[in-house]
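Undergrad: Questions regarding the structure given below will be posed in turn.
Computed from the coordinates by the stated procedures, all read-outs in this text should not be read as laboratory data. Since this is a predicted model, take the numbers as computed values, not measurements. Here the Cβ is made from the backbone with ideal geometry for all residues, glycine too, and neighbour counts use every protein chain on show.
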Amino acid sequence: MVSGIFTDRNKILEFFNSRGLIVDPAALQIIMEKSLGTMITHLIDNETMKSGIVGRQNVLNLIGGNQVKNPAVMREIDVNDIKANSSVEDFRKMFVNRYETLKSIIVNAGKFREVDSISSVREKDSREVKIVGMISNVTETRNGHKKFRIEDTESYIDVIILKKNPMAKELLLNDEVVGVIGSRPRASNDRENSEPVIFANELIRPDVPERMIDDTGLPPEYVCSISDIHVGSKTFIKNGFSSFLKWINSSSDESANLKHLILSGDVVDGIGVYPNQENDLEIVNPKEQYEYLAEFVNQVPSDINVYIMPGNHDTVRLAEPQPELSPAIRQMFTEKVTFLPNPYNLRIKKKLITLYHGMSLNDLIELIPGGNMNSVGKAIELMLKRRYMGPVYGGRTPIIPNQFDPHIFRDVPDIFITGHIHGHYLGNYNGVRYVNSSTWQSQTEYQKMMNYSPDPCIATLFDLNSKTVIKKNFLPKAFSE
Amino acid sequence: MATISETDYQLLVRKKVNECYDVARVARSRGLDITDRVEIPLANDMADRIGELLNLKDISQEIRDLSLTMSREEVALEMAKRTAQKYSGEGMDKAVDMSVRVGLAILTEGILVAPLEGISRVTIGKNFDGTDYVSVVYAGPIRGAGGTAQALSVLIADLVRRQLNIGKFQITDEEIERYIEEIQSYNRVKHLQYLPDDQEIKNVLKNCPVCIDGEGSEDEEISGHRDMERFKTNKIRGGMCLVLCEGLLQKTKKVLKHTTKLGINDWDFLEKSGKNTTDVAVDRKATKFLGDLVAGRPVFGYPNRPGGFRLRYGRSRLSGLAAASIHPATMIILDDFVATGSQLKVELPGKAAAMTPCDEIEGPMVLLDDGRHLRIRDEKQAKEVVKKVVEITDLGEILISYGDFLENNHVLEPSPFVMEWWNKLAVAANVPRERIIVRNVKDAIDLSKEFHIPLHPDYNFFWHDLSVEEINELGDIITDSVKKKNYPSISGADKTEDILKKLGVEYHTVGNEIILDDKNILRELMGNFRHIETTDPMECISSIAGVTIMPRAPVRIGARLGRPEKAGERKMKPKVHSLFPIENTGSSRRSIMDAAKSSHSKYEVEVNVRKCTNCNHVGPEVRCSECGSPMKDSGTYEKIKVDLSKIWNSALDNLGVSPNDLKEFKGVKKVMSKGKHVEPLEKGILRSLNNVSVNKDGTCRYDMSDVPITHFKSSEIFLPEEKAREIGYEPGMNELFTQDIIIPMDCARYLLNVSKYVDDLLEKYYKMDKFYNCRDESDLIGHIVIGLAPHTSGGIAGRIIGFSRVNGGYAHPFYHAAKRRNCDGDEDSVMLLMDGLLNFSKDFLPSTTGGLMDAPLVMTLLLRPDEVDKEALNVDSQSEYPLEFYEATLKRIKPAEIEEMMKPVKYMVEKTGSARGMDFQFSTKDLNSGVLLSSYKTLETMSEKIEKQLNLAKIIRAVDQDDVASRLINSHFLPDMFGNYRGFFSQEMRCTKCNAKYRRIPLSGKCQKCGNDNLILTIHRGGIVKYMEETRKLMKNFNLPPAQMYRIENIFRSIDTSFNSTEDIQRVETHIENPLDNYGEIEEEILE
């Protein structure tokens, strides 16, 4: 009787869903094929509970089956299957997943052995309360104290940070998840019906633990990051890109040790991204843009793995997560090219390289006081500190509501790569090396209007075996005065 | 003429106005209103108005004296200096502030609120070197002042600054960058008439001695250059952008004219900027009317394309001041989309024009489904055939006056060869009188040969639309037919029909034969056919015919439907009868009756606090609801407990009205004015009884599109003979007095109700005699209204003399100009004078910026032609144009060069001080002819409108249907799909129970206000899908450019791969709203 349950596709899905897990289609395929029956209960373990999904690898591990050929491109989840429904509940589940995941990170970090539920905190006054919640309605009171609302899955309460507390100056974003340690005073008599509040003493963010980048002493193995190539645009810097490819094909030490090349989105200029874009295009047909890109990329030597991720200019859906480019486009490229969704956790040689095109950077930069397009480093660190690379909800970056939000940094990356902004910014946050990769497009009309000068034609090389990072500039002379 | 003199007319108007004031003063003095005086002061002239507007009565005489010798602009500068002197003791900022306002008030004739609300404040700031500077902070309503006044206000600030020895403004490089970014952002949000380049902005900012600052007026913020020390707001400062770009930079010449005269060379930097250097590209303007194509508003012609509206010069008695006339049959053939009063966006001479009917010009030419190709000559015929039209090969003529070219400073385009012109040539060539009437084509040719004048226009075709090859081809066909004695039958081929359509020849078909209905013109002209070696079709046909043939339609004017005409009572949303605040006690319908009856009839609300002089009762009433004694205004407002049911009952008692007499009675949620004054409930009760609603200022308004008229027939305006004489007119055709208006029937019905309301008010509330005593609409004739336009705060007295069936207000061009309106699609309002005097109070006006706009802060009694907006002075006044005019048009000269010869009404006003004695060239049988209600307004759904729009694009020869479809997709469908797509993923959630909105769904899924767990989406997928279907339809039926196809595929793919395709989509019946439909005016201007 029990085994009967697990031969039905829907029943299997229901089984995992009831435990808050999603099943990767490839994993489901194997489960069905191998008639795993009750064995699948073993798939509910620490690893799957933490990630929220049952992946193909989990199933393969269970049955001790074949190792996959290139573990780097194991899909955590098929992004194509993430679709929007007209359901409020989907929106809620997305935020609950984010809340639960980030909460467990905060709790596991140590400061919070026990967390109070907000509904219990609301009920009575207390000298010390510890809660974890998602922020909204950040305001300033009439007297200059900071005030915000914090929610868990059942209730909410308002939190005040007095202005003399140095934390009051910190940037609080809507929808970020924080731990709050503070007091819940007795409601004063004259305002019997007033809302309870917490006076916060301390705020705890999920954050990235400090760590060292290990230097293995092995010969270098470089991962090269470039982004925003915008092939097809009149402002695509052809010469710069050609000389980059010439260098890749050269026998210099650096290029010889280059094993991985990552293109993190906006690889072509696309069409219809903004009104009247066709006036700025040299190639109007997006298919031809990719063909032209393939002409370039296919020149990369075959010992280099190439990874292509889409961005907001590419011809996949605009809403994130974005699936990999379509088969019609993929077949233009040689086999060494691997296509990734956006965002993506790429694992190479036990290193985690988190890739995100970076559409939400625009939204975040605006929220940084005094922020502008040059504040991209600040914005990236803001993401890492909050363990979330997505935007504040309601901004200009559409995200498809789903129970598994790939914008969460579930694991701390060794390298974090973004693009989109067209500036080049290299940094290190608590041992996470990060880069906002350079573009291969010269200043656009829009950027001119926004008074922003990009840093085009820079390739960034990360050594997987040491902390070495190298910047190579391929900007043709004509552009560089 | 037996019509009374202008002086007598003015006496009549003055007497009527004074009667109203006398009655109103008595009524208001009874202490039954929030103030005891009539709050609309009378002004005799501009100087009076300015004094009243600024509440500086002592300056009126000074302005009057200076005006005797100085131009208005000079008076403004001089008065500003004097004002600065006067106020210099009260602080530098006050002195500059007052003088800029005085100057601006003079420049805007004391009618606009710009001097009050367009300048938020003037401050004295510190430069980084420690010196002082003047900063003028502009606000949104400065827009109404127009570019010149905006620019001169900066100059005034500079003059005063010099006088008071305040330093110059010194700008930093970073601040300049901020301005540049801001201006570009503003242009994206609101669109500027003139967008300067960075260099120009830099040049002005570096040199302008006064700081042009502004209130953050837009929702959008700038993204770079934020949090600046001297410019605190990060929002876009709309007022600043306008003054800098559309003011200083667009009107450099005006500023320089004055600085040169004043001998100030600080402003010479302007010589290098703005309109001085860059002449706006002409061809860009030509297609501009297409650039902002709107869904559901058809295009009638592409720029200068055969088949479009043909330019004809002249003024009808219903045109001028930016209104043009077309044949009533054309209105009908265009599927009723163009009605009288509808705005057409046009290629030239201005941007837009209101349409009026004229049946003395040519109507449209159409091809019917039975093969007939014919010109439509009257409305009746148009109605008969309109359903059978398969192609509109020619839209007919559009009558535009010389004055409109003059006003827009648009070069004169070549005139078609018309009767007026031919007649003058014939007279000049000494053609005997009896031969000027030409009976047939033979006569015409003989006459031309004998007197060496071009062929008579009645026998002309659009030869210039054919190539020489086509003319030769046609010649062969005609010759062949004549030889075979078949004429007027010719053997038909598609090509031949095409040539005949282009040429504008009438024909019908019998089997394969084409039968020409051309009065033998082609036979006579081409009878002697031989091939001519030339490339010029006009030369070719002239040679063939042996007489000079002139171009019949050298200029076609592209056009599309702009704003549809409007006429309707003003209703606040939702409709309101009384300015009495009931908070949330009246349910969502804001019903005062419900509120008074409910258990919540005592509630707290913020109101002006009044105290009973007898029993110490406190409340918002003017008469105590406890004891009936007067209540005294405490001068403050507070949140106090109001006992509505008591006030309600006392009001009913007071009026002797039973609550059962009222059907509905609605109040407001709260009062928005500064002092939170509350209107006596009695007024609202009587409004409800008479089925009229109240505007925010306490008056009852009727809004309508502006249309001009200078001469009327008493019969067409339903003016009975004896009434006509009574008010100073004769039966038959009359020249209109400048303050007389002809209102729509519907307006008359509404004002009749208002008059009954006013009479009730006088009788039952003020306990006085009735004033109007109107039994039916015709009794309104002779009564006075206040005409008042949005953005202004100065009304003008007008007199009702009759009624029309159109949806627009017919009035004299000078009357419209006195309200600072023209007739290019503007609209404004009327209210009964007595209603305004009894019920208007400044204390009701919202305290927000712009609250003073559209309120009758002052009323001008008599219209002075020399004080109206000078645009009206350019209106034609002659009964005919001289021969030299037509010849001059061929040279494309500037209209100003022949102004003296053309004598616009300006010349009469200068000579006699009056606009009496104007004439016109074209009449029309009835001002009610043509279409009265645009189908844009009768078609219910946007889909239907779009369908009709595309159908017209298909059948009008002058329109490129594929281009229309493509523009429609670009301007509507693509942005809508993108917007809804993005919107879906960042949408707010709403509580079904308490309507609370959440930026993000609460994690608990429950409403934090009421605990309800049913929160719902606010943006639905059905909306997105609907646009996809409409777009697919267009993709199938039209040829779209490849780039657009890729764009569409792109967004389709994005949508398809983002949503779960198996899900049932909730069908949302979406209407593609035109934002312009609901708001009109302000938004429309932004689009310009």
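Undergrad: Mind checking which of B:Phe231, B:Val607, B:Phe1038 is farthest towards the positive end of the protein assembly as shown's charge dipole, using Cβ charges of +1 (Lys, Arg) and -1 (Asp, Glu) about the Cα centre?
TA: B:Val607
Undergrad: Still on this structure: Nearest 20 debye, what's the magnitude of the dipole of chain A about its Cα centre given +1 on Lys and Arg Cβ and -1 on Asp and Glu Cβ?
TA: 920
Undergrad: Aspartates and glutamates within cross-link reach of B:Lys519: Cα-Cα under 13 Å, excluding same-chain residues under 8 positions apart?
TA: B:Asp443, B:Asp458, B:Glu506
Undergrad: Can I ask one more? Can you give the convex hull volume per residue for the Cα atoms of region A:399-473, as a whole number of Å³?
TA: 125
Undergrad: Moving on. Treat every Asp and Glu Cβ in the protein assembly as shown as -1 and every Lys and Arg Cβ as +1, leave all other atoms uncharged, and give the resulting dipole magnitude about the Cα centre to the nearest 20 debye.
TA: 3700
Undergrad: Per-residue ellipticity at 222 nm for chain B, helices alone: DSSP H runs ≥ 4 residues times -39500 (n - 2.57), over residue total, nearest 500 deg cm²/dmol?
TA: Here the helix-only value at 222 nm equals -10500 deg cm²/dmol.
Undergrad: Report the Cα-based extents of chain B along its three principal axes, largest first, to the nearest Å.
TA: For chain B, the Cα extents along the three principal axes come out at 108, 79, 74 Å.
Undergrad: Dimensions of chain A along principal axes (Cα, Å, largest first)?
TA: For chain A, the Cα spread along each principal axis is 76, 66, 50 Å.
Undergrad: Can you give the average number of partner chain beta-carbon atoms within 10 Å of each beta-carbon in peptide A:84-95, as a whole number?
TA: Partner Cβ neighbours, averaged per residue: 6.
Undergrad: Give the dimensionless ratio obtained when the Cα radius of gyration of region A:222-479 is divided by 2.2 N^0.38 Å.
TA: Relative to the rule-of-thumb radius for its length, region A:222-479 sits at 0.93.
Undergrad: Using only the Cα atoms of region A:430-481, each taken as one equal point scatterer with no solvent, compute I(q) by the Debye sum, divide by I(0), and report log10 of the ratio at q = 0.12, 0.16, 0.32 Å⁻¹.
TA: -0.37, -0.60, -1.26
Undergrad: Which whole number gives the average count of other chain Cβ atoms within 10 Å of the Cβ atoms across peptide B:1019-1027? Numbers along the way, then the final one.
TA: Numbers: counts 1, 1, 3, 1, 0, 0, 0, 0, 0.
Per residue, the average neighbour count from other chains is 1.
Undergrad: Against the empirical 2.2 N^0.38 Å scaling, what ratio does the C-alpha Rg of the protein assembly as shown come to?
TA: Relative to the 2.2 N^0.38 Å estimate, the protein assembly as shown comes out at 1.06.
Undergrad: Find the relative contact order for region A:118-204 and round it to a whole percent, using C-alpha pairs within less than 8 Å whose residues are 6+ positions apart.
TA: 34
Undergrad: What percent do you get for the relative contact order of chain B when only Cα pairs under 8 Å and 6+ apart count?
TA: Taking the mean separation of contacting Cα pairs over the length of chain B, I get 15 percent.
Undergrad: How are the C-alpha pair distances of region B:318-389 spread across 10 Å bins, as whole percents from the shortest bin up?
TA: With a bin width of 10 Å, the distribution comes to 21, 47, 25, 7, 0.
Undergrad: Could I ask something else about it? Within the set B:Lys632/B:Lys842; B:Lys190/B:Lys235; B:Lys383/B:Lys713; B:Lys683/B:Lys767, which residue pairs have Cα atoms separated by over 20 Å?
TA: B:Lys383/B:Lys713
Undergrad: Okay, moving on. Which loop-located trypsin sites (Lys or Arg not before Pro) does region B:405-504 contain, where loop means any DSSP state but H, G, I, E or B and the Cβ has at most 10 other Cβ atoms within 10 Å? The partial results should precede the final answer.
TA: Details: sites: B:Lys424, B:Arg433, B:Arg435, B:Arg439, B:Lys442, B:Lys449, B:Lys483, B:Lys484, B:Lys485, B:Lys495, B:Lys501, B:Lys502; in loops: B:Arg439, B:Lys484, B:Lys485.
Loop-located and lightly packed - B:Arg439, B:Lys485.
Undergrad: If you consider only alpha-carbon coordinates, what radius of gyration and Dmax does region A:194-276 have, in Å?
TA: 22.6, 73
Undergrad: Write down the Kirkwood hydrodynamic radius of region A:118-204, to one decimal in angstroms, obtained as one divided by the mean of 1/r over all alpha carbon pairs.
TA: It is 13.0 Å.
Undergrad: Mind checking the dipole of region B:793-862: about its Cα centre, +1 per Lys or Arg Cβ, -1 per Asp or Glu Cβ, Debye to the nearest 20?
TA: That gives a dipole near 200 debye.
Undergrad: Let me ask another. Sorted by mean Cβ packing within 10 Å, highest first, what order do the peptides B:609-617, B:807-815 take?
TA: On the way: B:609-617: 16.2, B:807-815: 29.4.
Peptide ranking by packing, descending: B:807-815, B:609-617.
Undergrad: Continuing with the same structure: If each Cα of region B:423-552 is one equal point scatterer, what is log10 of I(q)/I(0) from the Debye formula at q = 0.09, 0.19, 0.22 Å⁻¹?
TA: Debye intensities relative to I(0), on a log10 scale: -0.26, -1.05, -1.33.
Undergrad: Next question. In region B:952-1022, which trypsin sites (Lys or Arg not before Pro) fall in coil by DSSP and have 16 or fewer other Cβ atoms within 10 Å?
TA: Details: sites: B:Lys954, B:Arg957, B:Arg967, B:Arg982, B:Arg990, B:Lys993, B:Lys997, B:Arg999, B:Arg1000, B:Lys1006, B:Lys1009, B:Arg1021; in loops: B:Arg957, B:Lys993, B:Arg999, B:Arg1000, B:Lys1006, B:Lys1009.
Loop-located and lightly packed - B:Lys993, B:Arg999, B:Lys1009.
Undergrad: Can you pick out the pairs among A:Lys111/A:Lys385; B:Lys597/B:Lys764; B:Lys954/B:Lys1026; B:Lys819/B:Lys925; B:Lys345/B:Lys501; B:Lys870/B:Lys906 whose Cα atoms lie more than 19 Å from each other?
TA: Correct reply: B:Lys597/B:Lys764; B:Lys954/B:Lys1026; B:Lys819/B:Lys925; B:Lys345/B:Lys501.
Undergrad: Which of B:Ser542, B:Ser1054, B:Ser71 sits farthest toward the positive end of the charge dipole of the protein assembly as shown, with +1 on the Cβ of Lys and Arg and -1 on the Cβ of Asp and Glu?
TA: With unit charges placed on the Cβ atoms, the residue in question is B:Ser1054.
Undergrad: On to the next question. Mind checking the mean number of beta-carbon atoms from other chains within 10 Å of the Cβ atoms in B:1043-1053?
TA: Values: counts 9, 4, 3, 12, 9, 2, 4, 10, 4, 0, 5.
Averaged over the peptide's residues, the number is 6.
Undergrad: Same structure, new question: Whole Å is fine, so just give me how far the alpha carbon centre of region B:473-546 lies from that of region B:337-375.
TA: Using only Cα atoms, the two centres lie 27 Å from each other.
Undergrad: Right, something else. Could you state the per residue volume, in Å³, of the convex hull enclosing the Cα atoms of region B:571-689?
TA: Cα convex hull per residue, to the nearest whole number: 91 Å³.
Undergrad: Two decimals, Cα atoms only, Kirkwood Rh: what is Rg/Rh over region A:344-481?
TA: That ratio is 0.97, to two decimals.
Undergrad: Arrange B:Asp962, B:Asp58, A:Asp314 by Cβ neighbour counts within 10 Å, fewest through most, would you? Kindly include the intermediate steps, with their values, before the conclusion.
TA: Details: B:Asp962 16, B:Asp58 8, A:Asp314 28.
With the fewest neighbours first, B:Asp962, B:Asp58, A:Asp314 line up as B:Asp58, B:Asp962, A:Asp314.
Undergrad: Compare the Cα positions of A:Val115, A:Thr338, A:Phe15 along the charge dipole of chain A (+1 at Cβ of Lys, Arg; -1 at Cβ of Asp, Glu; about the Cα centre) and return the one farthest towards the positive end.
TA: Among A:Val115, A:Thr338, A:Phe15, the one farthest towards the positive end of the dipole of chain A is A:Val115.
Undergrad: Next question. Could you tell me the center-to-center distance, by alpha carbons, between region B:800-815 and region B:1-71 in angstrom?
TA: Measuring centre to centre over Cα atoms gives 23 Å.
Undergrad: With no solvent and one equal point scatterer per Cα, compute the Debye intensity ratio I(q)/I(0) for region B:41-279 at 0.13, 0.15 Å⁻¹ and report its log10, rounded to two decimals.
TA: -0.74, -0.98
Undergrad: Take peptides B:558-566, A:206-214, B:741-749, A:342-350 and line them up by average Cβ neighbours within 10 Å, highest first, as a rough protection proxy.
TA: Taking the mean over residues of other Cβ atoms within 10 Å, the ranking is B:558-566, B:741-749, A:342-350, A:206-214.
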